1. On the given criteria, is Gly127 open to solvent by less than 90 Å² (accessible area, probe 1.4 Å), of a type outside the set (A, V, I, L, M), under 22 Å from Met77 (Cβ atoms) and free of Cβ contacts under 8 Å to residues at least 24 places away in the same chain?
2. Could you give every pair whose Cβ atoms fall below 9 Å, whose first residue belongs to the stretch 91-115 and is over 29 Å from Met4 (Cβ atoms) and free of Cβ contacts under 8 Å to residues at least 60 places away in the same chain, and whose second residue is outside any helix (DSSP H, G or I) and open to solvent by 80 Å² or more (accessible area, probe 1.4 Å), counting only separations of at least 6 or pairs across chains?
3. Which members of the stretch 37-93 meet the condition of being at pLDDT 90 or above and among the β-branched types (Val, Ile, Thr)?
4. Pairs needed: first member in the stretch 33-59, farther than 21 Å from Ile153 by Cβ; second member anywhere, assigned to a loop (DSSP other than H, G, I, E, B) and open to solvent by 70 Å² or more (accessible area, probe 1.4 Å); C-beta distance under 8 Å; at least 6 residues apart or different chains.
5. Have a look at Phe90, Phe125 and point out the one that is of a type in the set (Phe, Trp, Tyr), in a helix (DSSP H, G or I) and over 16 Å from Ile12 (Cα atoms).
6. Return a yes/no flag: does the stretch 64-80 have any residue that is basic (Lys, Arg) and either buried (at least 20 other Cβ atoms within 10 Å of the Cβ) or outside any helix (DSSP H, G or I) (or both).
Amino acid sequence: MMKMKSGVEQAICILIMLATQIDRRPIKSAILSRRLSVSDSYLKKVMRSLVVSGLVDSESGKDGGFRLNRMPEEITMLHIYEAIEGTHSFVRPTNLAEKVFLRADKIKNKKKEVLSVFFDAEQQFKGRLQQYTLGSLLVEGSERIGAADWESIVLTSENKKS
């Protein structure tokens, strides 16, 4: 069974925060890690993946932090998924069936069939992710979600429950 890393969900949340940050000001990693309730060192690993993939830009210095490197409408869920999970196929045969069953010739044909189904499913999965953008998440009804100043929003215990 396929399982995505929690970093994919966290990356989506981070990108939404960056996309809605008032005046496109950079957001510091400490603010992001606090909002996501993850350690700053873990968050920096996720951020590194987003920076390396070109989705996010990193600015050093007192007023530095992270900001989007593209428009939200240009960032697909596939970009985010591949930034965290990588671009390699999630179908990785181990040749276990050939080791377990005696009729290797029959196994090879059925193995090709099964792999074909999995590869096709992977292409459909990635194709669907390619169709949905970060910009789609920033629209409620017919209106775009407003900007926020993430540095000034205070976290309370009530915020963390919802």
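1. Criteria met by Gly127.
2. Ile107/Phe101
3. Those that are at pLDDT 90 or above and among the β-branched types (Val, Ile, Thr): Val38, Val46, Val51, Val52, Val56, Ile75, Thr76, Ile80, Ile84, Thr87.
4. Once the first residue is farther than 21 Å from Ile153 by Cβ and sits in the stretch 33-59, its partners that are assigned to a loop (DSSP other than H, G, I, E, B) and open to solvent by 70 Å² or more (accessible area, probe 1.4 Å) give Gly54/Asn69; Gly54/Arg70; Leu55/Asn69; Leu55/Arg70; Asp57/Asn69.
5. When all the criteria are applied, what remains is Phe125.
6. yes
The values are calculated or read from the model by the stated rules, or taken from the named source; none is laboratory data. A quick note: this is a predicted structure, and the numbers were derived from the prediction, not measured. With ideal geometry, Cβ positions are generated from the backbone for all residues, glycine too; neighbour counts draw on all protein chains shown. Just the protein is used for accessible areas: all its heavy atoms, side chains included, with ligands, DNA and RNA removed. Shrake-Rupley method; radii C 1.70, N 1.55, O 1.52, S 1.80 Å.
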